[in-house]
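Each remark here refers to the structure printed beneath this line.
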Amino acid sequence: MLRIEDLKVNYGGIEAVKGVSLEVPQGEIVTLIGANGAGKSTILRTISGLVKPSGGKVFFNDEEITGLIPYDIVSKGITLVPEGRKVFPDLTVLENLKAGAYLRKDDIKPDIEWVYSLFPRLKERSWQAAGTMSGGEQQMLAVGRALMSKPKLMMMDEPSLGLAPLIVKDIFDIIKTIVAQGVTILLIEQNANMALQTANFAYVLEVGRITMTGQGKELLNNEEVRKAYLG
């Protein structure tokens, strides 16, 4: 579904991404793990159109989308759940969800109900300002808002960051449910253990380069990966 070929991204004089190639098959969970500063978020932001690449190509369903603006990327069926959640704090839960559907012209009510079925807590807080909710609730809202654009591919940047272990488990259970509903996932996650347990396929990124690839559970049992990322 998503294919990246020899992607390069520069920040000033620094090459943050150094010729990365990867694939995300339809209907699967693919994870990208690596230390802070390895270039993981930069890759997602480049796919989203928020950062312009200095080289390489991005294809979505065999159509080149390299360098398109974010609006056009979302309209093609790609959405991003950003690191730090980035909900609109002064808007209610319902208003945040509606904001996620800003490109749609069809009836969004069934999808609001679907999001509420995934996250019952959001329904309970439908009229609450998003900024007054807990971190876990805001993460649920960020995922729900991304789903409102009816994405084919959802990219998630550190969804478990700063959350209690029980909430992390809930988020990963929801990720599996979303995939079962037909949405493909590209996941960046600092909790490498949880990410590798969940993902069909994984890439290890070090200083802007892919250094290892394999099935999630295969890398989970890899000695190098265990030493570097699993403690």
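Observations
- Filter pass, F119 being under 24 Å from D173 (Cα atoms), surrounded by 13 or more Cβ atoms within 10 Å (Cβ to Cβ) and aromatic (F, W, Y): yes
- Any hit, region 138-156, residues being touching a residue at least 24 places away in the same chain (Cβ under 8 Å), surrounded by 19 or more Cβ atoms within 10 Å (Cβ to Cβ) and farther than 30 Å from R3 by Cα: yes
- Which numbered condition K57 misses (of (1) at pLDDT 95 or above; (2) of a type outside the set (A, V, I, L, M); (3) touching a strand residue (DSSP E or B) at 6+ places or on another chain (Cβ under 6 Å); (4) crowded, with 16+ Cβ neighbours inside 10 Å): (4)
- Failed item in (1) surrounded by 19 or more Cβ atoms within 10 Å (Cβ to Cβ); (2) more than 24 Å from L230 (Cα to Cα); (3) modelled with pLDDT under 95, with K105 passing the rest: (1)
- Within region 46-56, being within 24 Å of G27 (Cβ to Cβ) and out of contact with any Lys or Arg (no Cβ under 8 Å at 6 or more places or on another chain) holds for I47, S48, G49.
- Checking E124, E83 one by one, the residue that is more than 21 Å from K152 (Cβ to Cβ) and in contact (Cβ under 8 Å) with a residue 24 or more places away in the chain is E83 and no other.
- Just one residue in the set G13, G37 is of a type in the set (G, A, S), in the same structural domain as Q215 (by TED's automatic domain parsing) and on the phi > 0 side of the Ramachandran plot; that residue is G37.
- When residues of region 174-231 are limited to those that are in a helix (DSSP H, G or I) and among the acidic types (D, E), the one farthest from A35 (Cα to Cα): E218
- Scope region 1-16; condition of a type in the set (A, V, I, L, M) and modelled with pLDDT of 95 or more; matching residues: M1, L2, I4, L7, V9
- Residue count for region 145-167, restricted to those that are assigned to a helix (DSSP H, G or I) and either under 24 Å from G37 (Cβ atoms) or within 12 Å of the chain's Cα centre (by Cα) (or both): 2.
- Taking region 1-34 as the range and being among the small types (G, A, S) and farther than 12 Å from T213 by Cβ as the test, the residues that pass are G12, G13, A16, G19, G27, G34.
The values are calculated or read from the model by the stated rules, or taken from the named source; none is laboratory data. Quick caveat: nothing in here was measured; it's all calculated off a predicted structure. Cβ coordinates were reconstructed from backbone atoms using ideal geometry, including for glycine residues, and neighbour counts include every protein chain displayed.
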